[in-house]
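Here's the structure, in structure tokens; my notes come after.
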Amino acid sequence: MIVDAHTHIFPPEVVADRARFLEGEPFFRAIYADPKARMVTAEGLVAAMDQDGVDISWAMGFPWVREENSRRHNDYLARAVADHSARLRGLACVHPPAAWALAEAARALELGLHGLGELAFYDSDLDLASLAPLAALCAERNRPLLLHTNEPVGHQYPGKAPMTLKALYHLLAAHPRTRFVLAHMGAGLFFFNLLKKEVAGVLANTWLDTAAAPFLYRPRAYALALELLGPDRLLYGSDYPLLGLARYRQELDQAGLSPQELAGIMGGSALALIP
Ligand SMILES: [Zn+2]
């Protein structure tokens, strides 16, 4: 069983004419104004899953600034999940600082979506005040919250936010009942699980995904994440259509993982979060 816990799909009208959706959307513009930044619909994703042998994908939207765009996308995700109920799980997305964010997130979960994600702050540090009610909602409904995180050091690339480990750590500490999935290997925070005090408790409800890791980390990082955070704490996520399965297979084959560890990464651990 292969589960891809990090993919993005867009409504067909956005894929067909992205320029129409750039106005008032600085983050969408920054990442998707470039026509080389690929976007796919649910059907495009399912076709790629068929080709790669992926059984289930977590499909996510985008943190639109404008409410109408967010609603459109969450409605589309709910329809896609209903149309492909054996293949897709959907995470609703909102722009956390928006006044409507909590109501829209709750509405989208009522539509049948399975959690929230990929929540992101692309131009600032994590805003803990606006994330708090969303994290509380996920805890109350027992749904995962998948959060964009990136390394606080290293080379710069599009979509790399000026986030800090301190803010991330405080977020996790403030919401011990929320199951967080930290995208892109969780900013490297898992290293600090080696500390003797406090951190292991704070990270007890935290998972990581591998999205974009072939661009970022040497393969040894996967084995270290399992060793330091726990054998069930790393989820295969492709960030499709950014990358497909083949590239991850290449890297994971060099990571020195046991068949059991690999099976957990490729699906078993994600199924425990969203059956
Ligand atoms: Zn991301």
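All of the numbers you see were taken from the coordinates with simple rules; none came from a lab. Because the structure is predicted, anything quoted here is derived from the model rather than measured. In this analysis, Cβ positions are derived from the backbone assuming ideal geometry, glycine residues included, and neighbour counts consider all displayed protein chains.
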* Asked: Is one or more of the residues making up the stretch 192-206 within 19 Å of Leu116 (Cα to Cα), under 16 Å from the mean Cα position of the chain (by Cα) and within 14 Å of the ligand (Cβ to nearest atom)?
  -> no
* Unique residue being closer than 18 Å to His6 by Cα and away from the ligand (no atom under 16 Å from the Cβ) when the list is Glu227, Glu251 -> Glu251
* Structure fact -> Reported set for the stretch 57-80 where residues are surrounded by 21 or more Cβ atoms within 10 Å (Cβ to Cβ), hydrophobic (A, V, I, L, M, F, W, C) and not in a loop (DSSP other than H, G, I, E, B) is Trp58, Ala59, Met60, Leu77, Ala80
* Looking at the stretch 115-133, which of its residues are crowded, with 22+ Cβ neighbours inside 10 Å, in contact with a Gly (Cβ under 9 Å, 6 or more places away or on another chain) and not acidic (Asp, Glu)? -> Gly115, Gly117, Ala120
* **Residue match in the stretch 159-166 (condition: free of Cβ contacts under 8 Å to residues at least 24 places away in the same chain, in a loop (DSSP other than H, G, I, E, B) and either within 27 Å of Val3 (Cα to Cα) or more than 14 Å from the ligand (Cβ to nearest atom) (or both))** => yes
* Which one is nearest to the chain's Cα centre (by Cα), of the residues in the stretch 235-248 that are more than 16 Å from the ligand (Cβ to nearest atom) and in a helix (DSSP H, G or I)? -> Leu245
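Okay, residues lined up against (1) in contact with a Ser or Thr (Cβ under 9 Å, 6 or more places away or on another chain); (2) crowded, with 16+ Cβ neighbours inside 10 Å:
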site	(1), (2)
Ala106	no, yes
Cys138	yes, yes
Thr149	no, yes
Gly154	no, no
Pro162	yes, no
Leu168	yes, yes
Thr178	no, yes
Gly186	yes, yes
Glu198	no, no
